[in-house]
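S.K.: Would you mind keeping the following structure in view while I ask a few things?
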Amino acid sequence: MAKKEDPGPSVKDKELYEEIRDDGASKEKAARIANAAANSSRSEVGRKGGKSGDYEDWTVDELHDRAAEIGIEGRSSMNKDELITALRNH
């Protein structure tokens, strides 16, 4: 097994960082999650989240606006179900 590279002093929970990286996450995402866990607790990190409702509750115009914000190509010809799928898979 290859020697693990030290993520540096900015990562507060190196063990969790390595677990997340082993699962395929980017260095940035792993560091963000590991540091959030170190600031609270590991069990609380997964419970955080946005307050927006389900995409099914959004109007087509709202979905188009969100798709435009994040740069989804071909959004103007998508119906509501296609927009929801594209947003979830982006």
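S.K.: Taking Cα centroids, how far is the range 19-37 from the range 64-90 in Å?
M.R.: When both Cα centres are located, 27 Å separates them.
S.K.: Let me ask something else. Sorted from fewest to most neighbouring beta carbons within 10 Å, what does the list Asp13, Asp57 look like?
M.R.: Asp57, Asp13
S.K.: Still on this structure, I have one more. At Ser77 and Ala25, where each label point lies 7 Å from the Cα along Cα→Cβ, what is the point-to-point distance in nanometres?
M.R.: 3.7
Computed from the coordinates by the stated procedures, all read-outs in this text should not be read as laboratory data. Model, not experiment: these values are computed from the prediction. When we count neighbours, we look across all protein chains shown, and the Cβ atoms used for this are built from the backbone with ideal geometry, even at glycine.
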